[in-house]
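One structure is given below, represented as structure tokens, and several questions about it will come after.
The values are calculated or read from the model by the stated rules, or taken from the named source; none is laboratory data. Computed from a prediction, not measured in an experiment: that's the story for all the values here. With ideal geometry, Cβ positions are generated from the backbone for all residues, glycine too; neighbour counts draw on all protein chains shown.
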Amino acid sequence: MPNSLIKAECTGRSKLPRLTNLVDDVILIAMTPNPYFFIVIFCGVAVVFPLMPLALAWLWRRFFQPPRPGAGKNATYECGVESVGEAHVQFQSQYYLYCVIFLIFDVEAIFLVPFAVAFTGLPVGAFISILVFLLLLIEGLVWAWSKGCLDWGSKRLSAR
Amino acid sequence: MNTTEMLQPPPAMTSRLDGELMEVSMGPQHPSTHGVFRMNVALDGEMVVKLKPVFGYLHRNHEKIGENTSYLGSMPYTDRLDYFCSMTNNWAYALSVEKLAGIEVPERAEYLRVILAELTRLQNHASLLGFLLSDMGAWGTPLMYAFREREKILDLFESLSGSRMMCDYMRFGGCRVDAGPDWMERAKKIVDLFPKFLDEFEKLILSNEIVIMRTQEVGKLSAELAINAGMTGPMLRACGVNYDIRKVDGYGFYPRFKFRVPLGEHGDCYDRLMMRALEMHESVGILKQAMEQIPAGPVMNPKVKIRAFRPPVGEAYGRIEGPKGELGFYLISDGGTNPYRYRVRPPSFINLTVLEDLCLGHTVADVMVILGSVDIVLGEVDR
Amino acid sequence: MSDQIDGGLRSELQRQGIWVTSMEELYNWGRKNSIWPLQFGLACCAIEMIATAASRYDIARFGGEVFRPSPRQADLMIVAGTVTKKMAPQIVRLYNQMPDPKYVISMGACAISGGPFKQGYNVLKGIDRYIPVDVYIPGCPPRPEALLHAFMELQRKIDSQKLTGNAKAEHLDPMQPSEFPVPAFGAHDLEPAANPRLFQPPKIERS
Amino acid sequence: MTMESLEQIKTRVEAAVPGAKIDIIPNPGPAQQSSLLIDNEHAAAVAKFLRDDSALRLDFCSNATGVDWLDRTVKKTVKVKKIVDGEEKEIDETTEEFFPGYLEAVYHLYSMTHKHGPVIIRMRTADRAENARLPSLTPVYRSAEFQEREIFDLYGVRFDGHPDLRRILMWDEFVDYPMRKDYREPDDYEYEPTPHDDVLEKAKMHYSARPQLDGAENITAQS
């Protein structure tokens, strides 16, 4: 058999004209999974996996062990003693300041991320502007620190 | 503890910005209160503003039972006072009854008492360092090291007195049974191995960054307040006051042994930690000297009656340097077989007098470290 | 193992490579080998309990080394030490706050009947006056081996608990009360002095 | 540093604190630890003197104890020479002397600076009933704070001037004072198969009616 026939036989490709290749590609596409398909499976398993024990527990609760709540059982546990006073008390304003300062620097970090990623390709101007942004915030931190917003515990009690 | 009084903010906190107080009970069932000890804490956020200890959850009426049983009948009860150091409890009780009735103790018995007391001090301080570390968060691991050593010493107690923790070993006028030569061999071997454990333990703890951060400058106690509040033992010596009853009273042949008394400067938790570590070295030194010099001879004063033992009318107060502080027994005898008044001076109960002064201004987590460094055992606190 | 499946049949099947079990065996096997004790020491017996949890007597060989501080995550309460009258309400409250398949080991003579401190005015003569107790360990303090034996005894008891039928385990029976009344502090003694439903001492016939 | 004898201390204290009535209670036992009984009005002043005096410096109150002394009638037989129907004869005549009961607080003071031994001071209450009051030494010795609260809790001695006098060991609703000699415990019944002596008395309250052999109706026993 002439070489071309043998080669065709070996590759198993049909000797039809170019049109059939197009069909193969379509099947391939249909056959080979979409590159992002694994995410769907992943989400499915991520949902089923926790729900399955919860469902088992619900079945167990329903058939074998009915719940028996009681006043004492649901009371708040405080080392064996009845809890006194309220838990939702008004905290000091000091914590609010601390929290606000943390929030500011958290958001600042988010702004730095794109800059850090594209750092190599940026001109000097971008570097200067991010420096201005950073120095402004650091100046704010230094002011807050000197004002004593970040003092804590014994230092604060003694500072009074 | 009436709640309204507890939740009133102290005068220093009057402005509206300071928020309200939250009352938390670090109650009888708590992982690191060394038993059923309760503290009512008023918190301003995380800072301790007020702290009221509540006792009595293990008040087993030791003194009432002491007045209803004979002198010898109370000896096994003393084991259950401070259930970590039963040998030193026995010795304190035997010492005060001997002072009450004027009984001499043969030499070998005194040496045996010193050896057993120092062994008790070793295992008590090792256990305390283990518990203090688990209070700080290193849950369990240092405790395993400490309990491994404690088991060896408990084996010695068990082979000598028959029981691991409740030895009931000493009698008025001596000790119940003599320690044989093989027991002394085993004891010598364990004492020789102990410094190796000490170095390993100190390398683990004393230069540890976290331990230094958590204990230095925490719970500082001034020397004057310590003396006035009746602190004794390692807590007192951590403030720099040189008062060790083994040196002051010189009971039980202690003047014959050469040992130093470690003193601290700052009186904070780290110094108390160091006191226990250094005292363990001194105890090993005493043990070595005592085991060489121990003479042969009787361990029991033959003239003392065991059965119907009636001390003459009178009173006596005997005290020793227990691992936790000055442990004393105050006995009033009316000539009968039962003591008329049987009183225990508990070191850890009185060392807790300054707990509130130590904890003010610290965070909740530091309260646990301070309580751990005071080293309380509830059997002795509540009696 | 429960007797629903005939032993001979079971071993025969196992020889063929088929392993047979029932829901009840699986349920009990799982619970038996991972009992989480509540971290709850009262007195000297607590130190022996810690020594049991330490490396020499090692309760971890039985799956019991996870000592949980909070009753919400514990299913075994080892009452180790003297129960005083001031502490009794707290113990009953802790017992109530534990989730339901819960067991109690009464460790030491003090927890069983007041022990050496029986004549004390502030000592409760035994914790079984207020809460049901599953295993008692005599001794003052009981040696760590005794606590391990009690642990094995409790595992045998869990193993024999039924899942269904009228002899089923208490915690599965909706009729059983899930809580025991917490005693109150009275002027001279706890009120009530004992839980009459639990503590019925035999009356003495006047001879 | 050997401490001066008790008599010297007594004289110096009486000199320093005018009007303080102090007497020495000898301790017959071999321990030879005699004590000073100080009257209640000047107790705080005497304690402050003992603490701040340069020679004594008793700055460490090691132990504060409560003691309960019941009413005692002491019989003394005295040999009295009496002329009985004519001739002189020695007959011993027993005189009964009644001592009223009182509550006592005993303090053991040591010196940490001079390292010398215990000076024991005692204070006695007027009687054991309602005015069992004593001055508190907590302002002078902080270590007496918890121990005085314990004496109040177990003996019922009210300490005037104590910063926070509450019950320390028993629960707050408890009313009686358990360490007193005449305290009766509440009857918490425990089953005794073979009750004997004091347990028998307690068990008697819980006897059930004895079944009548001859069928007579049961005597209603206090079951």
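For B:Val354, state whether it is within 30 Å of A:Asp151 (Cα to Cα), modelled with pLDDT of 90 or more and at the interface with chain D (Cβ under 9 Å from one of its Cβ atoms).
In short, yes.
One line per residue, one yes/no per condition, for (1) touching a residue at least 40 places away in the same chain (Cβ under 8 Å); (2) surrounded by 14 or more Cβ atoms within 10 Å (Cβ to Cβ):
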site: B:Lys203; (1), (2): no, no
site: B:Leu221; (1), (2): yes, yes
site: B:Glu224; (1), (2): no, no
site: B:Gly230; (1), (2): yes, yes
site: B:Gly240; (1), (2): no, yes
site: B:Tyr254; (1), (2): yes, yes
site: B:Phe257; (1), (2): yes, yes
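Still on this structure: Can you list residue pairs whose Cβ atoms sit under 8 Å apart, with the first residue in region C:154-181 being over 17 Å from C:Met98 (Cβ atoms) and the second being among the acidic types (Asp, Glu) and not in a loop (DSSP other than H, G, I, E, B)? Count only pairs 6 or more apart in sequence or on different chains.
Sorted first by the residue in region C:154-181, then by its partner, the pairs are C:Lys162/C:Glu24; C:Leu163/C:Glu24; C:Thr164/C:Glu24.
Of all the residues that make up region B:215-264, how many are touching a Cys at 6+ places or on another chain (Cβ under 7 Å) and under 15 Å from B:Leu327 (Cα atoms)?
1
Another one. Kindly check whether there is at least one residue in region B:109-122 that is touching a strand residue (DSSP E or B) at 6+ places or on another chain (Cβ under 7 Å), small (Gly, Ala, Ser) and in contact (Cβ under 8 Å) with a residue 12 or more places away in the chain.
Scanning region B:109-122, I find at least one residue that is touching a strand residue (DSSP E or B) at 6+ places or on another chain (Cβ under 7 Å), small (Gly, Ala, Ser) and in contact (Cβ under 8 Å) with a residue 12 or more places away in the chain, so the answer is yes.
Would you please name the residue that is farthest from C:Ala43 (Cα to Cα), looking only at residues in region B:162-178 that are away from chain C (no Cβ under 14 Å) and touching a helix residue (DSSP H, G or I) at 6+ places or on another chain (Cβ under 6 Å)? Walk me through how you get there before you give the answer.
Quick first cut of region B:162-178, residues away from chain C (no Cβ under 14 Å) only: B:169-178.
Filter once more, so that each one left must be touching a helix residue (DSSP H, G or I) at 6+ places or on another chain (Cβ under 6 Å): B:169-170, B:172, B:174-175.
Working: B:Tyr169: 21, B:Met170: 23, B:Phe172: 27, B:Gly174: 29, B:Cys175: 26 Å.
Here the residue is B:Gly174.
Report every pair of residues separated by at least 6 positions or lying on different chains whose Cβ atoms are under 7 Å apart, first residue within region A:79-103 and more than 10 Å from chain B (Cβ to nearest Cβ), second of a type in the set (Gly, Ala, Ser).
Close Cβ pairs (under 7 Å, with a partner that is of a type in the set (Gly, Ala, Ser)) amount to A:Ile101/A:Ala144.
Considering region D:169-192 alone, what residues qualify as being more than 7 Å from chain C (Cβ to nearest Cβ) and modelled with pLDDT under 75?
D:Glu192
Listed here are the residues, each with its yes/no results for (1) in a loop (DSSP other than H, G, I, E, B); (2) assigned by TED's automatic domain parsing to the domain that holds D:Leu109; (3) within 13 Å of D:Tyr107 (Cβ to Cβ).
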| position | (1), (2), (3) |
| --- | --- |
| D:Ala47 | no, yes, yes |
| D:Arg51 | no, yes, yes |
| D:Ala55 | yes, yes, no |
| D:Leu58 | yes, yes, yes |
| D:Cys61 | no, yes, yes |
| D:Val74 | no, no, no |
| D:Lys79 | no, no, no |
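Something else now. Identify all residues within region B:177-200 that are buried (at least 18 other Cβ atoms within 10 Å of the Cβ) and either touching an Asp or Glu at 6+ places or on another chain (Cβ under 6 Å) or not hydrophobic (A, V, I, L, M, F, W, C) (or both); write none if there are none.
If the condition is that a residue be buried (at least 18 other Cβ atoms within 10 Å of the Cβ) and either touching an Asp or Glu at 6+ places or on another chain (Cβ under 6 Å) or not hydrophobic (A, V, I, L, M, F, W, C) (or both), then B:Phe197 is the only one that fits.
Can you find, within region B:292-339, the residue that is farthest from the other protein chains (Cβ to nearest Cβ) among those that are charged (D, E, K, R) and over 23 Å from B:Tyr111 (Cβ atoms)?
Filtering region B:292-339 for residues that are charged (D, E, K, R) and over 23 Å from B:Tyr111 (Cβ atoms), the one farthest from the other protein chains (Cβ to nearest Cβ) comes out as B:Arg307.
Considering each residue of region B:183-219, count those that are among the hydroxyl-bearing types (Ser, Thr, Tyr) and part of a helix (DSSP H, G or I), and give that number.
Result for region B:183-219: 1.
Which helices (runs of 4 or more DSSP H) sit wholly inside region C:1-119 and have at least 1 residues that are more than 14 Å from chain A (Cβ to nearest Cβ)?
Qualifying helices (runs of 4 or more DSSP H): C:7-15, C:23-32, C:44-53, C:108-113.
Moving on. Within the bounds of region B:234-252, is there any residue that is of a type in the set (Phe, Trp, Tyr), in a loop (DSSP other than H, G, I, E, B), under 30 Å from B:Glu185 (Cβ atoms) and away from every other protein chain (no Cβ under 14 Å)?
no
Considering only residues that are surrounded by 21 or more Cβ atoms within 10 Å (Cβ to Cβ) and among the polar types (S, T, N, Q), look in region C:5-50 and name the one that is farthest from B:Arg38 (Cα to Cα).
C:Asn28
Among the residues of region A:91-119, count how many are modelled with pLDDT under 80 and not in a helix (DSSP H, G or I).
Count: 2.
Now for a separate question. Just one of the numbered conditions (1) under 30 Å from A:Phe64 (Cβ atoms); (2) under 15 Å from the mean Cα position of the chain (by Cα) is not true of C:Gln176; which one?
The one condition C:Gln176 does not meet is (2).
Would you mention how many residues in region B:127-152 are on the phi < 0 side of the Ramachandran plot and within 12 Å of chain C (Cβ to nearest Cβ)?
Result for region B:127-152: 17.
Can you name every one of the strands (runs of 3 or more DSSP E) wholly within region D:107-173 that holds 2 or more residues which are closer than 23 Å to D:Ala55 by Cβ and among the hydrophobic types (A, V, I, L, M, F, W, C)?
Counting at least 2 such residues, we get D:119-124.
Quick check on my filter: what residues within region B:251-280 are over 28 Å from B:Val354 (Cα atoms) and of a type in the set (Gly, Ala, Ser)? Can you show your working first?
Residues of region B:251-280 over 28 Å from B:Val354 (Cα atoms): B:251-259.
Once the filter is applied, which keeps residues that are over 28 Å from B:Val354 (Cα atoms) and of a type in the set (Gly, Ala, Ser), region B:251-280 yields only B:Gly252.
In addition: Test C:Ile158 against the stated conditions and say whether it is closer than 22 Å to C:Gly63 by Cα, under 14 Å from the mean Cα position of the chain (by Cα), assigned to a helix (DSSP H, G or I) and β-branched (Val, Ile, Thr).
Numbers: closer than 22 Å to C:Gly63 by Cα: yes; under 14 Å from the mean Cα position of the chain (by Cα): yes; assigned to a helix (DSSP H, G or I): yes; β-branched (Val, Ile, Thr): yes.
Yes; evaluated as a whole, the condition is true for this residue.
Among the residues that make up region B:267-276, is at least one of them part of a loop (DSSP other than H, G, I, E, B) and not β-branched (Val, Ile, Thr)?
Scanning region B:267-276, I find at least one residue that is part of a loop (DSSP other than H, G, I, E, B) and not β-branched (Val, Ile, Thr), so the answer is yes.
Against the definition (under 31 Å from the mean Cα position of the chain (by Cα), at pLDDT 90 or above and charged (D, E, K, R)), how does D:Arg57 come out, yes or no? Talk me through it step by step, then tell me what you get.
Numbers: under 31 Å from the mean Cα position of the chain (by Cα): yes; at pLDDT 90 or above: yes; charged (D, E, K, R): yes.
Spelling it out, D:Arg57 is indeed under 31 Å from the mean Cα position of the chain (by Cα), at pLDDT 90 or above and charged (D, E, K, R).
Of D:Asp127, D:Asp188, which residue is surrounded by fewer than 22 Cβ atoms within 10 Å (Cβ to Cβ) and within 23 Å of C:His188 (Cα to Cα)?
Unique residue meeting the criteria: D:Asp188.
Scan region C:161-180 residue by residue and report those that are touching a helix residue (DSSP H, G or I) at 6+ places or on another chain (Cβ under 9 Å) and surrounded by 14 or more Cβ atoms within 10 Å (Cβ to Cβ).
Within region C:161-180, C:Gln161, C:Lys162, C:Leu163, C:Ala169, C:Ser178, C:Glu179, C:Phe180 meet the criteria.
Table: residues versus (1) within 28 Å of B:Tyr342 (Cα to Cα); (2) in contact (Cβ under 8 Å) with a residue 24 or more places away in the chain.
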{"site": "D:Lys21", "(1), (2)": "no, no"}
{"site": "D:Ala31", "(1), (2)": "yes, no"}
{"site": "D:Leu37", "(1), (2)": "yes, yes"}
{"site": "D:Asp68", "(1), (2)": "yes, yes"}
{"site": "D:Ile91", "(1), (2)": "no, no"}
{"site": "D:Val106", "(1), (2)": "yes, yes"}
{"site": "D:Leu109", "(1), (2)": "yes, yes"}
{"site": "D:Asn131", "(1), (2)": "yes, no"}
